[in-house]
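The values are calculated or read from the model by the stated rules, or taken from the named source; none is laboratory data. All of these numbers come straight from a predicted model, not from anything done at the bench. We place every Cβ from the backbone using ideal geometry, glycine too, and count neighbours over all the protein chains shown. Heads up: the accessible areas ignore ligands, DNA and RNA and are worked out on the full protein's heavy atoms, side chains in. Shrake-Rupley method; radii C 1.70, N 1.55, O 1.52, S 1.80 Å.
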Amino acid sequence: MRLVVCGRVQGVGFRYFTRREGERLGLVGWVKNTPNGDVEIEAEGREDKVERFVEIVRKGPSASRVTDLQIQNM
């Protein structure tokens, strides 16, 4: 699954948060900042774990503010 997270998601530990949560759920993939201020994520694993990951990303860490989450199944 590919996710693009918009909002206050850079400079607030968002990449670290998503990496830690993905590893905790047994997912593989990557996360990176984009030049326009979004965060792009690719995650792969069991469907139920990926769905839980999406819920977690939608909330983000406490210092972040997710205003939009674009989801693309791959």
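Okay, here's what the table says:
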read-out: Criterion (of a type outside the set (D, E, K, R), assigned to a strand (DSSP E or B) and surrounded by 12 or more Cβ atoms within 10 Å (Cβ to Cβ)) met by exactly one of 66, 57; value: 66
read-out: Cβ-Cβ under 7 Å pairs, at least 6 apart or on other chains, the stretch 49-74 side among the hydroxyl-bearing types (Ser, Thr, Tyr), far side open to solvent by 100 Å² or more (accessible area, probe 1.4 Å); value: 64/8
read-out: Breaking point among (1) out of contact with any Asp or Glu (no Cβ under 7 Å at 6 or more places or on another chain); (2) without any contact (Cβ under 8 Å) to a residue 24 or more places away in the chain, for residue 28; value: (1)
read-out: Check on residue 35, of a type outside the set (Asp, Glu) and open to solvent by 100 Å² or more (accessible area, probe 1.4 Å); value: yes
read-out: The lone exception for residue 11 - which of (1) small (Gly, Ala, Ser); (2) open to solvent by 60 Å² or more (accessible area, probe 1.4 Å); (3) touching a residue at least 40 places away in the same chain (Cβ under 8 Å) it fails; value: (3)
